[in-house]
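Read-outs: derived from the displayed coordinates by stated rules, not from any lab. Everything quoted here is computed from the prediction, not taken from an experiment. Please note: Cβ atoms are built from the backbone with ideal geometry, for glycine as well, and neighbour counts cover all protein chains shown.
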Amino acid sequence: MDQHVHQATVAVIHHGFRPYLATVLEHSRQNGNYTCLIGSVPALEALCDDFFLDDDIQLPKYEAFEKNYQHMSSNPQPFELLCFKRFYLLQHLVHQKNLSHIWMIDSDVLLMENLAEFTQYFLSNQYDVSLSTRIQAFPLEFDSCTHCSFWTRDALDDFVRFIDIFYHCEITPLLYQKYEYHVKNNIDGGVCDMTALYLWQERTSLKVFNSANSYQNGLPFIDHNMHLGRNYDVEDFYLASRINIKHIEHQDIEQNNRKIKKVAVRTKSGKVYPVIALHFSGKSKKYLPMFCETYRIDVMSYWTYQYYKYYFKIKALFQ
């Protein structure tokens, strides 16, 4: 597949259906990204540029991984396995379509822009992968995220080789230590794909970009998690009162000799950063569809969400 310089290829991998999934696909596509879905609901094919039924994809390497998997997490085992399986599915897509690079976003990530410009930045600066890694909050956290991540084929192949042997190699004792720390300190989670990503990036010779602090380096903002004020190191960002998700506003940007409004976040020190992606993870998922309907309003606050929550309820009564 020829990859167009003005269009990024974005993959969403999601087994099953959630109401926000259709919104995420539409938003990615509307912003100019070539959007692929690997999933289990054929009805969603119309909302993306390419659709692959996940159960039709043969993954012998993943089957071998699953046999060696050791569950060390407070999350359900099927969930953790699906998180690992995504990388085998993504690798299959990249090789099948002969791609040199690709983006992967979680099914609760809203893309606010075409990622082509960011792609060119990564390629020009010879980055192989982008991960979101905050300053670690406790010993043995080992936490890197791929909710909005860029991958070259070489990086993806290297990471898959790493997880092939993740549970039977020299770092496996470290995984036991991490899980024991979680249990003793009553911390949710444990060993998962984010653990593997963190440990891999520490060991790989490939060039890794940290998207958690992109805004501190003159680049647009990639949200780590909408309900966290700390994107990288400090509690930088305002949260909308009561609902505790990032306070969103707009910034006027000059483009093609006219001003257009761009979604932006503001730090407590008053700095404003244009947004590439927002991650409606966990408890903030319920605000994702409402945000899509209303984000062109100048300031997204608690009262904006409250007004539209009841507006949509009333509107539904007459449909």
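Structure above, values below:
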quantity	calculated
Isotropic mean projected area of the C-alpha convex hull, the stretch 1-98 (nm²)	7.2 nm²
Cβ crowding within 10 Å averaged over residues, with 182-188, 227-233 ranked highest first	227-233, 182-188
Tilt relative to the chain, helix 77-96 - C-alpha long axis, 0 to 90 degrees, to 10	90 degrees
Value of Rg to Rh for the stretch 40-176 (Rh from inverse mean 1/r over Cα pairs, i.e. Kirkwood)	0.96
FRET efficiency for residue 124 and residue 26, using Cβ-Cβ distance with R0 set to 41 Å, rounded to 0.05	0.85
Folded to 0 to 90 degrees: helix 19-30 orientation relative to the chain principal axis, Cα	80 degrees
Pairs from 246/286; 207/261; 97/261; 178/285; 85/178; 262/286 whose Cα-Cα separation, in the structure shown, is over 25 Å	207/261; 97/261; 178/285
Angle in degrees between helix 172-184 and the longest Cα principal axis of the chain, rounded to the nearest 10	50 degrees
Whole-Å distance, taken between Cα centres, linking the stretch 71-139 and the stretch 175-228	12 Å
Full-extension gain in nm, residue 180 to residue 66, via 0.36 nm per residue minus C-alpha separation	38.9 nm
Cβ-Cβ FRET estimate between residue 57 and residue 164, R0 fixed at 22 Å, reported to 0.05	0.80
Antiparallel DSSP beta bridges within the chain, as percent of all bridges there, nearest 5	60 percent
